[in-house]
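Encoded as structure tokens, the structure appears first; notes follow it.
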Amino acid sequence: MAFNKLKYLAFGISYWYRRCILRQKIPFIAGLVLNKSCNMHCEGCHVSGVDKALDPTRRDVEAAILELRRIGIRNLAITGGEPFLWESDGWHVSDVIKFARANGFLAITIYTNGTLPFDGCDADTVFVSPHGMEKTSVGHNITANRQCLHNIEVTQHPNVMLNFTINARNCNSLRSVCEFVEGHSHIKGVFFYFHTPYYGRDSLFQPFEAKQKNVDELLALKHEGYPIFNSTAALKSFALNNWRRPSDLCIVWDNGKFFNCCRSNGYEDACRNCGYLGYLELEQILALKPSAIREGLHYILP
């Protein structure tokens, strides 16, 4: 892996100084929507069946990465659709990672549903998103779950994490998710999100009181020692509903357009019911909350 931990820590300290002392409003991370096509049909997502012709080209992606670098961003999160499906002019996601790294990006994360092989992927962190366990799944069928598990089993990637989105269907399976992760040597830990109603409230939507109960359970599971990477500070802040959104800590590129925070910025119901806890972690780190700093270091330190 090409990840330079000391260089990244130095960047993080420098960013904190510029952001918190000099008051420079530089985003910390960029989301690169590599494609909208996907091989799954998950509830709560409208990208399945999207024509691949609508995906950005290699030239589009190169230009986006160079512009994000010019802005001053050095953290890249590659998303989709399913990024491992993307191809343009002989380029695949591995070429995008190499190009970003060659142009100064220090930490590169990729989000995948795990059904396609990701062994050999040079991203610093691979987040696998099954969205459910067994009968609680809202996306993967049994065959897809088996394929996802197989790809986790065979990978030699040192930094694979589970990315689990809590919703009304799977909210009672948090302990089983944690037990699965704890018992799996190839998974470093799990980061929990909550379902966000990007397209309006649906059958997966949870009222805030239900989410607060989920937070209480996650805090208890953390106390039991399960490898949950959500920090105590961020979970408590979420339960108090006192965090800022939209956030100016992230910028998202999607096929030629830049969005502050996310592509649903301006949709009040999605923003009010946002469950994207990654931004909340960044807020807590910038506020120098010890638990958030400790969990943040877990991302980059083996």
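Only Cα sites of segment 5-300 enter the Debye sum here, all with the same form factor; the resulting log10 I(q)/I(0) across q = 0.07 1/Å is -0.24, listed in q order. Under the criterion of Cα pairs below 8 Å and six or more residues apart, the relative contact order for the chain equals 17 percent. Among the lysines of the chain, pairs at least eight places apart or on separate chains and with Cα atoms under 12 Å apart come to 4.
Hey, if you put +1 on the Cβ of every Lys and Arg and -1 on every Asp and Glu Cβ in the chain, which of GLY104, THR165, SER14 ends up farthest toward the positive end of that dipole? Of the candidates, SER14 comes out farthest on the positive side.
Here's the picture: charge each Lys and Arg Cβ at +1 and each Asp and Glu Cβ at -1 in segment 5-300, and of LEU282, GLY200, ALA210 the one pushed furthest to the positive end of that dipole is LEU282. For the peptides 278-285, 10-17, 187-194, the ranking by packing is 278-285, 187-194, 10-17, with the highest mean count of neighbouring Cβ atoms within 10 Å listed first. Comparing GLY200, GLY44, GLY81 in a Gaussian network model of the chain (Cα springs below 10 Å), the most mobile by mean-square fluctuation is GLY200. Here the simple spin-label model places points 7 Å from the Cα toward Cβ, and for ALA168 and PHE99 these points are separated by 4.1 nm. Net charge dipole, the chain: roughly 1040 debye, given to the nearest 20, about the Cα centre with Cβ charges of +1 for Lys and Arg and -1 for Asp and Glu.
Throughout, read-outs are computed from the coordinates displayed, never taken from laboratory work. Fair warning: this is a prediction, and the values are worked out from it, not measured in the lab. Every residue, glycine as well, gets a Cβ built from its backbone with ideal geometry; the counts of neighbours run over all protein chains shown.
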